[in-house]
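Notes to accompany the following structure.
The values are calculated or read from the model by the stated rules, or taken from the named source; none is laboratory data. A quick note: this is a predicted structure, and the numbers were derived from the prediction, not measured. FYI the Cβ positions are ideal-geometry reconstructions off the backbone, even for glycines, and counts take in every protein chain you see.
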Amino acid sequence: NIPSARFFDEGGFGVTIYDGTPDQKITITSSPYDWFEASFFYTNIQGKPYGNGFDQDYKDKGFNFKIRLKEEGVFPAFAVGVNDIAGTGYYSSEYLVGTYGINNLDFHFGLGWGTLNGTKSFKNPFILIHDQFENRPATGVRNQGGSFQPSRYFSDKSISPFYGISWSLNSKFSLKV
């Protein structure tokens, strides 16, 4: 679930399966261009009731987008992304991320809004641009569905750093921490 500034080659396609607690998620990702990535996810959230009299865990689906801002060179690659762009907002988040590789290791560091905004936070710098970035509207869940809410993107009083490491075993398999 940690974003990176890595992209598939143009025309690339991938599937990610994640089995954690409480999330169990499958994501299908496509890169129509080497600088753009789009994905669709479907998730099961264990322990969260589905509602409406159904005796099962909550299900959610959504779309994610990522755009490369800079390729890796002497300095890290940089990308910007939006998760759960028009879904229920349960996974709604935005991020700026940098990735730098050394051999088969990739180091990722970024700033996150929404669900990527954790406990170690600092003031959202976009508030300096306009005070509308200070308040993140509530998610727009209607009848078990979502709504498109661009006013929540990159908004909140605070943001948090995130980081991770990826280890590529080969061209088709990698582990992330």
Out of the residues in the stretch 101-118 that are in a loop (DSSP other than H, G, I, E, B) and more than 19 Å from the chain's Cα centre (by Cα), state the one that is surrounded by the most Cβ atoms within 10 Å (Cβ to Cβ).
ASN104
Kindly indicate which of PHE126, PHE154 is aromatic (Phe, Trp, Tyr), surrounded by 17 or more Cβ atoms within 10 Å (Cβ to Cβ), touching a residue at least 60 places away in the same chain (Cβ under 8 Å) and farther than 14 Å from ARG6 by Cα.
PHE154
In the stretch 1-39, what residues are hydrophobic (A, V, I, L, M, F, W, C), at pLDDT 95 or above and out of contact with any Gly (no Cβ under 7 Å at 6 or more places or on another chain)?
ILE26, ILE28, TRP35, PHE36, ALA38
Every residue in the stretch 39-54 that is at negative phi and either touching a residue at least 40 places away in the same chain (Cβ under 8 Å) or buried (at least 16 other Cβ atoms within 10 Å of the Cβ) (or both), please.
SER39, PHE41, THR43, ASN44, ILE45
Listed by first then second residue, the pairs whose first member lies in the stretch 81-102 and is modelled with pLDDT of 85 or more, whose partner is acidic (Asp, Glu) and buried (at least 21 other Cβ atoms within 10 Å of the Cβ), with beta carbons under 6 Å and at least 6 positions apart or on separate chains, are VAL82/GLU94; TYR91/ASP84; SER92/ASP84; THR99/ASP106
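Residue by residue, here is whether (1) loosely packed, with under 12 Cβ neighbours inside 10 Å; (2) assigned to a loop (DSSP other than H, G, I, E, B) holds:
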{"position": "TYR58", "(1), (2)": "no, no"}
{"position": "THR99", "(1), (2)": "no, no"}
{"position": "LYS120", "(1), (2)": "yes, yes"}
{"position": "ARG136", "(1), (2)": "no, yes"}
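Tell me the residue from LYS48, LYS66 that is part of a strand (DSSP E or B) and under 14 Å from the mean Cα position of the chain (by Cα), please.
Details: LYS48 fails: under 14 Å from the mean Cα position of the chain (by Cα).
Residue meeting the stated conditions: LYS66.
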